[in-house]
Structure formats: C-alpha cells, structure tokens
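Presented below is the structure to which this report refers.
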Amino acid sequence: MNELFRRLRYLLHRRRFDRELANDLEFHREMAERASRPLGNALQLREQARDAWGWTWIDRLCQDLRYAARMLRKSPGFTAAAVLMLALGIGVNVAVFGFFDLLVLRPLNVRDPATLLRFHRRAPQNFAFALPYPEMAFFGEHSRTLSAVLALNTTKVAVEGEEKQVDANFVTANFFSELGATPRLGRLLDPVRDGAPDAAPVVVLDQGFWQRRFGGDPMAVGRTIRLNGKQATVIGVADSEFSGLSLNQSASWAPLTQQPYFAAGSRLLTDFGDSGGVRMWGRLRPGVAPKAAEQELQSLVAELRKRHPGEIWEKESLPSDPGGYAKSMMIGNRSGTGSESQNELYPVFAMVATLGLLILAVACGNLGSLLLARGVAREREIAIRVSVGAGKGRLIRQLFTESLLLALMGSLAGLAVGWAVLRSLMALTASPAWLNPTPDWRVALFALGIGFASAILFGLTPAMHSVRQRHRATIARQILVGAQVAASCVLLIVAALLGRALHHALSSNPGFAYQQVISIDPGLAGHGYSPARAQAYMDTLRERLCALPGVESVSLAVSPPLGRRAEIAGVDIDGRAVRVQINRVDPQFFQTMKIPLLRGRNLIRGEAHAVIVSESLARGAFPGQNPLGKKFFMDENDTIVGVAGSARLVKLEDSDSVEIYLPIASAEMPFASVLVRTSAAPEDVARSAAATARAVDPNTFPEMQLMKTEFRQKLRGAESSALAVSALGAIANLLACLGIVGVVAYAVSQRTREIGIRMALGARPAHILAVVLRRFSRPVAAGLLVGVAGAAALSGLMRGQLYGIGNLDAMAYAGAIGVFAITAVGAALWPARRALRVDPMRALRHE
Amino acid sequence: MPKTDMPSGALVLLILRVLRSGALHGYAIAQRIHVLSSEVLHVEEGSLYPALQKILLKGWVTAEWGISETNRKVRFYRLTPAGRKQLETELSEYGRVNQAIQSVLRTA
C-alpha cells in the first residue's frame, strides 16, 4: 500500500525526482573522474535507474499516442473511413447491448429495487403469473419476511370520448409509496386515504393520458372522470418517469379495492377462480433472503389450501424473480398446464447479437485490409526505424497503439450511433417514456471493451506483418476477404429469409380467412357474469347479430384468433415437448374462420369430451394412423372426432404450431368472444355490430376489433425486423464490396509490371483479368461456403418466426447469394479494369 | 582487478548493511563496499542506482540533502526503521541459506 503510494508520488513529481537522480549521477561522475575511473553513459544510467520507478510504460505510451495522433492527422481520409466503419460496427452492437441493458441489467427507477421480488404460482402440473386476489391478500396479511405486498391488475375500460378502450391499472394502495414514486401533479394513492374498501372512488392519471386527454391542463386535478360510465375524482398525475411495474401504457391508476365499482359485477376481489387475478410483488424485510420469503409463502399457501382445497393447487409454491428490472415485467399474465414455457427473450437477443457481431466482423475485416495496405505504404518508415535500433516488440506496440486510438474514436462514435439508433427505434415503437435509452456506465464500458476487442481483431495482425516486413501478406488478406464475404452472406441470407417470410405471410393463407371477420370481446367474466347468464347473453347477441344485414355467420371462441389471449398445453409426443394451442370454440367456428374439416365430423353443441385436432398435430402424434376415435392424452375421456386443416391461429409466425379444438364448456362461457364473418367489407358492419353488442347489456363495454387490423399489427414487428436486418445486410454488403475494391486495386497496382510484360507478350484482356482475379476467387468461394453454412445454422434459431417458410428456403438463399455475387463481381471488376489499361511500355519503363 | 558479478539480492543486502552505521551518498556506498570487500567486489553504477531507486520505493531508505566532502550538494541515503528490520530479516535469511550451503559443501 505504502509502496504504491510512493510509486504514485514518483509519477506525480517525476521531474523533481529525475533532477535529483541526475544530480546524484553527476556527483558520481565527478568523484569517479578524481579516481580517474570514467563513468559510462550518464543518460543511459539515468534511464536504467528510472526504470525502477515502474512508470516507463507511461512515457512510452504517451510517446506512442502522440505519434499515432500525428500519423492519423496526416491521413484524414483514412482516419475518417476507419472511424466511420468502426462507428457503424460498434454502434449496432451498442444499440443491441443498450436494449439488453435496459431490460435485463439496469435496475428500475423505483425505491430500493434490490429488495423487490415478483412472485408467480407454480405446481407440478400448473403455472400462472397472476395470483387470485384473495391469495395475494392472505400473503399480505400473514407474511413476516415481506414488509409489504404490492399487487396490480389491468382491466380494459371505456372512457367517454375515447374511441378505443384503454388500459386501467388497479393497484394496492401502498403501490406508489412503496415504489417511492413522486407525483407530477396533485397526489398519488396512499394507504391511509385510499386503502379502505369504502373510500371515495379516485383515480391517478398517467402523464401521457393526461396530456392527450386534458392537454396537460393542471386544472384536471379535482375534476370528475368517467371510466366505464362510473364517476371518479382525479386526484393527481403520475410522472412519466414512473414505470408502474408494467410495460403496457395504462391511462390511469385506481385502488384495487375499487375495481368492482368500475367493472360492474366483477368478482376479482373475492374469486379464487380465473377472473384475471393480480400480479404480485413483495418487498423483502432488511436482511431477509429471497429463498426465506419463498419458503414462508410456500408454508402459508399450504395453510390456505386447507381452507380452499379446490382453488389452491396441490404442492403449490411461489417462486420469485428479481422484481427491480424491466425483464420481470415481460412475463405478462401467462398461465397454463404443464411446465412453463422457456424464456423466449434470450434466444432472440442471442440471434440479434450474432447479427450485430457479424457487422462488426465485416468492419474489422475491412479495416484490417486497409491497415495491411497502409503497412506496405509505410515500409520505408518502418525500415528506417528498424535500422536505427527500434525493437520489434516496440514497433508492434507503436503500430498497435495507432489501432487502439482508432478503436477509441470508433467506440465514442459508436456510442453516439448506438444511442441514436436505440432512441429512434424506441420512438418508432412508442416505448414507454421511463425506458431511457441514454447509455449508462455499463453501455459505455461495453463500447470501450468491444472497441478494444476489435482493435485486436483488425490491428494486431497488420502490425505484426508490417514489422516483420513481410511484403506480401497475401494469406492474411485472403482470410480477411473470406471472413467479410462469409459475414455479409449470413446477414444477406437472414434478411432474405425474413423478407420472404413477410411476403409469404402477406400473400398466403395462414390456414384461416381473417379479412372479413370482426371479433367482439364483451368481457363478461370481468363483469361477474355467471355461466348461465353468459350463455343467455351470447344467445341473444348471436341472434341479433345474425339478423344484421351483411353478416354471414357468427361463432364463439374463448381465445379468438390473433388475439392477446392464448391457452397453451405442454404435452409430450414421443419424448418431444410440444406446445399445443388450445381453442375452445362452438361448432360454427370452422365455418366462420373458413378452416376446412378434413376428416371426421364437426363438434356438436353442448357435447363434452370430443376434440378436433389440426392436421399438423394428427401427423405429429399419430403418424400413419387414423386419428379418429383415438383418445387424446390431455384428458383420458377426450376422443378425437375430427381433423381440421392446420391454422396458425395464435402464433402466425410459427410453422410448427399445432392446434386442438374443444367444445366450449358452459363454465367457460363468460370468457368467450364473438366472431362475426361478414359477406361484404367488415368496416360497413362493424359499427352496427358494436352498437348491437352494447345494447344487449348497457353495463358491459364490448371491445371490437377488425381481424385484418390485428393481422397487420401482428406483422408490424416482422416488417420492422425484416427492414432492420435488410439494412444491416446492405451495410455489410457495402463494406465487403469496399473491401474487395481495396484489395483488388492494391493487387493491380502491385503487379503493374507483370501485367505490362504479359501484355507485351500478347496476353488477351480476358486472360489478364483472370490472372488478377484468380487470387481472390478462392477466398470469396470459401467465404460463401462458410457464410451459407453459418446462415443455415443460425436460421435454425428463427424457425418459429418465419411464417411457414422453411429456414433452408432455397429461394431466399439463391436470392441472397445472387445479390452478393453480382455486387462482389462488380466490386472486383471495377478496379480490375485498370489492369487492362496498363500501357506495357510505360509499365516497363516505370522502374 | 577481478570483476565479480553480484546477485541483485545480495547488492540490496550490502547497501542496507553499509548504511547501518550512518547516511552515505551513492558514490560512498560503492566505495565502502569495494573497500570492505578487500577490493573484491566492484559495484557497477548501472546496478547501484537502479537498486537505490528500488530501495527508496520500498521505503527502506530515505534520501536527504547534504554536503559532500568536496563541498557539493548531494543526496545522502539513510536507513529507515523499516529498512533496519528488512536488513535483520535478510541477514538471518542469508545466514541460514549460507549455513545450509556450507553444510552441503562439507559433507557431500
């Protein structure tokens, strides 16, 4: 410790200590001369002694940096090109990492995010990410490891004057105070005033909604607003920086205890069953480990099960995730049987990160070629430095310092590029305001780290080649060209696949006809409808809808196609875990969605234990057999009565999806949506259909959607990813072409004499071109091969996102390779033309 | 005069030892070692000054300004308590190793 301190003192007062050392040596010299023993080289002695301080490397580094800066300033064109390339390559990766950082690494802007836990339910056969309200309340009352329990429920409500229904969040009264939120205006919910069940109905508005609806008027606080027709007083506006622990942009927050007031008839607070439930977070008491809280909740839930054996699952546990990160919000409200589905976030990130790294690889390859060419141009300089006694290590270090300086500039520029990319992407996708794309220290560190790694990639080999004076660094160049070709091929192929998939999705039939269908979700369960009342409601609604002009058929479904709700069962087919999409429908469904019945019969209204499987499921589960009459393994009593055409109702993008259809049981009737097929354009019928639905029960607020609008929305993500990857592919292709232009041009200039001799001896132009280009055909071909193989491997990750296009789709591969080949040949021929214009006489005289 | 190479660890030990009796400047350190070793050991400037810098860094000696016998301003090196302790440990270590070597040489 002390020694380090003294070392630092030597660094800070280097000049003084150096003077003192010089004085010592000068005295030594004087004394030695008296004894007539001359001293050696005093300067060298001083340097040797100074080495003991351990700071020589700083002096050398400063020297190298100064020299590198001077060299880069002397060739501004090269420097600009290099920094631009690096900025692109690093920027793409910074954007990807920045997004990952936002979702996974950066704690949310809430008080003490480290002690916040998000809980979900799990049992050997079931899982759910929402808890029944009474279960949550039980934990809130009895837990000793948690100092507070927070809960949130999102319900769609109609606001007067708004065309669409909006999300309203209902939260426990401690929600804002526990998370340390501050109001933008007025006050937020607090446990004292708003916690009681009989408290006056109040809402806190979201800042965005307040600005949209009230034009940011401060007088909005204190006014009355109607949600679902029910009055409530606006008490304040929440700041847009407040995440609200949910990714959906809700319009308002109200106390959870008031949810039934707004959603007439809702049994959310009393029902253990499937009434949506609440998401639950817990705040750990100081010094308590998450494991301890999980154990306590597990024993509490076992106690609760004694009182509610039907509703609480056997062997139920409540695993927790860290709740202080945006990632914990992406879990959503999924529930299902069997094991939980794998987290889909990481494979997507892995895929995108790979594409980003490919861009960087192309940029580095390109820069490496440039540096090699520069190294040749600096041969004289290096030869002089070697001859005056510079060591190889020292020279490599000096050349590499130049690369490091470039990388540092590239990192800084890349940080800016990444920030701009992320910011514009988030603006395009209307991300919540509290997701702040400004880089934090992790992103900055990442940018510097990736810059350093690329400096090693693009700088080290050229530096070593230059110093060893190996003039023809041909192999290194060829490898660099091959690597660029491979990387840009992968990007182009992935882009082509996504483009093809998008085209296919738009032009082909996903197995069902959506253009002329309207879906209406009356949300009966949210209004506390009993199964019998729901049945009566649906019968009335169906009758009235059928009477409307332009309506062709009407059907019911619990999870309407392309909708948000999905029911999934994990089943085991021959040892493979298959996720089956469950659709609970009535017999008219197949006619309404135009899904063909291939074998067997339709479902019959009111029957139980009959299932229809999709053709894809039948093929997978009973290969080569007749599935009719077989038992289906989810329930021993279910018998397969029919086979329907494969239809990717929920996961449009996943060609591996399999479906089964079960008759709607009466208990599920309150959850059903109505699907209406129109004979003409659905827009014409939509208005009257909505009015009809509203009229059946004025207390409900049915939500209407044109299915083709939902289809567009589903494709929007695919559109933007195809666009983004195409842009990356184009950049990579451009960079690779620039690289090819560079190396071919260099090869031509190196071989001018040889070409001149060949021409003088009568070689034909085609022959000359072949001579120049032959050297590059092998690395390009090898790069193509590696690229195609890499794309084939990588695209396996995207199988489920390709809308039914195979990940080895020949058209996409051929198209991408074709585009690449044409541009690459163009890029090679352009500089190669110069070879044909070589004047033999001048070339020979040139010496 | 035969030139005897000295292991670098030994040089540090010798410097510390000759400084035990009082502060000396660099030239005097070299002279003292030369004389005391009956002119067998010769301390090169090229190893003396780096070694002195290293010892300074370790905090075993401090440097202070003084006046030489030729009436010139020069730095004198003085042993610190830490240096004294270091010298004791190095001396006993040296004695132990030396004894071990001697006993091998005698009996082998």
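The values are calculated or read from the model by the stated rules, or taken from the named source; none is laboratory data. The structure displayed is predicted, hence computed values, not measured ones. Every residue, glycine as well, gets a Cβ built from its backbone with ideal geometry; the counts of neighbours run over all protein chains shown.
Once region A:3-14 is narrowed to residues that are within 49 Å of the chain's Cα centre (by Cα) and facing another protein chain (nearest Cβ under 9 Å), the residue that is surrounded by the fewest Cβ atoms within 10 Å (Cβ to Cβ) is A:3.
Scanning region A:15-26 for residues that are within 60 Å of the chain's Cα centre (by Cα) and among the acidic types (Asp, Glu) yields a single hit, A:18.
If the condition is being without any contact (Cβ under 8 Å) to a residue 60 or more places away in the chain, of a type in the set (A, V, I, L, M) and away from chain A (no Cβ under 11 Å), then region B:18-36 contributes B:18, B:23, B:24, B:33, B:35, B:36.
Per-residue answers, yes or no, for (1) over 35 Å from the mean Cα position of the chain (by Cα); (2) at pLDDT below 85; (3) surrounded by 20 or more Cβ atoms within 10 Å (Cβ to Cβ); (4) β-branched (Val, Ile, Thr):
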position	(1), (2), (3), (4)
A:657	no, yes, yes, no
A:663	yes, no, yes, no
A:683	no, no, no, no
A:688	yes, no, no, no
A:692	yes, no, yes, yes
A:695	yes, no, no, no
A:708	no, no, no, no
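Annotation: of all residues in region B:37-69 being touching a helix residue (DSSP H, G or I) at 6+ places or on another chain (Cβ under 7 Å) and farther than 29 Å from residue A:11 by Cα, the one that is farthest from the other protein chains (Cβ to nearest Cβ) is B:41.
Might you let me know whether region A:593-602 holds any residue that is surrounded by fewer than 22 Cβ atoms within 10 Å (Cβ to Cβ), of a type in the set (Val, Ile, Thr) and modelled with pLDDT of 85 or more? Within region A:593-602, not a single residue is surrounded by fewer than 22 Cβ atoms within 10 Å (Cβ to Cβ), of a type in the set (Val, Ile, Thr) and modelled with pLDDT of 85 or more.
Among residues of region A:613-642 that are surrounded by 15 or more Cβ atoms within 10 Å (Cβ to Cβ), those with a beta-carbon under 7 Å from a residue that is assigned to a helix (DSSP H, G or I) and of a type outside the set (D, E, K, R) at least six positions away or on a different chain give the pairs A:627/A:618. In the set A:116, A:103, only one residue is in contact with a strand residue (DSSP E or B) (Cβ under 9 Å, 6 or more places away or on another chain), surrounded by 20 or more Cβ atoms within 10 Å (Cβ to Cβ) and within 30 Å of residue A:283 (Cα to Cα); that residue is A:116. Within 11 Å of chain A (Cβ to nearest Cβ), surrounded by fewer than 16 Cβ atoms within 10 Å (Cβ to Cβ) and in contact (Cβ under 8 Å) with a residue 12 or more places away in the chain: does that describe residue B:82? Against the criterion (within 11 Å of chain A (Cβ to nearest Cβ), surrounded by fewer than 16 Cβ atoms within 10 Å (Cβ to Cβ) and in contact (Cβ under 8 Å) with a residue 12 or more places away in the chain), residue B:82 qualifies. Return a yes/no flag: does region A:623-640 have any residue that is over 34 Å from the mean Cα position of the chain (by Cα) and of a type in the set (A, V, I, L, M). Taking every residue of region A:623-640 in turn, at least one turns out to be over 34 Å from the mean Cα position of the chain (by Cα) and of a type in the set (A, V, I, L, M). For the condition within 14 Å of another protein chain (Cβ to nearest Cβ) and among the small types (Gly, Ala, Ser), residue B:95 does not qualify.
Given the condition among the aliphatic types (A, V, I, L, M) and touching a Gly at 6+ places or on another chain (Cβ under 8 Å), answer yes or no: does some residue in region A:65-81 qualify? Show your work before the answer.
To start, the set of residues in region A:65-81 that are among the aliphatic types (A, V, I, L, M) comprises A:65, A:68-69, A:71-72, A:80-81.
Next, from what is left, pick out any that are touching a Gly at 6+ places or on another chain (Cβ under 8 Å): none.
No, that holds for no residue.
If the condition is being among the charged types (D, E, K, R), crowded, with 17+ Cβ neighbours inside 10 Å and more than 14 Å from every other protein chain (Cβ to nearest Cβ), then region A:47-74 contributes only A:64. Looking at region A:27-146, the helices (runs of 4 or more DSSP H) lying wholly inside it that each contain 3 or more residues that are farther than 30 Å from residue A:567 by Cα and either more than 32 Å from the chain's Cα centre (by Cα) or among the basic types (Lys, Arg) (or both) sit at A:42-51, A:56-74, A:76-100.
Do we have residue A:293 as in the same structural domain as residue A:143 (by TED's automatic domain parsing) and under 18 Å from residue A:432 (Cβ atoms) here? For residue A:293, the condition - in the same structural domain as residue A:143 (by TED's automatic domain parsing) and under 18 Å from residue A:432 (Cβ atoms) - is not met. For region A:31-46, residues that are exposed (fewer than 15 other Cβ atoms within 10 Å of the Cβ) and either within 9 Å of chain B (Cβ to nearest Cβ) or closer than 23 Å to residue B:65 by Cα (or both) total 7. Within the option set A:214, A:175, A:209, being assigned by TED's automatic domain parsing to the domain that holds residue A:248 and either of a type in the set (Val, Ile, Thr) or under 25 Å from residue A:270 (Cβ atoms) (or both) holds for one residue only, A:175. Filter region A:783-804 for residues that are over 16 Å from residue A:739 (Cα atoms), of a type in the set (A, V, I, L, M, F, W, C) and part of a helix (DSSP H, G or I) and give the result. Of everything in region A:783-804, those that are over 16 Å from residue A:739 (Cα atoms), of a type in the set (A, V, I, L, M, F, W, C) and part of a helix (DSSP H, G or I) turn out to be A:785, A:786, A:788, A:789, A:791, A:792, A:793, A:794, A:797, A:798.
One line per residue, one yes/no per condition, for (1) touching a His at 6+ places or on another chain (Cβ under 6 Å); (2) farther than 16 Å from residue A:94 by Cα; (3) buried (at least 22 other Cβ atoms within 10 Å of the Cβ):
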site	(1), (2), (3)
A:381	no, yes, no
A:427	no, yes, no
A:433	no, yes, no
A:439	no, no, no
A:442	no, no, no
A:450	no, no, yes
A:453	no, no, no
A:464	no, yes, no
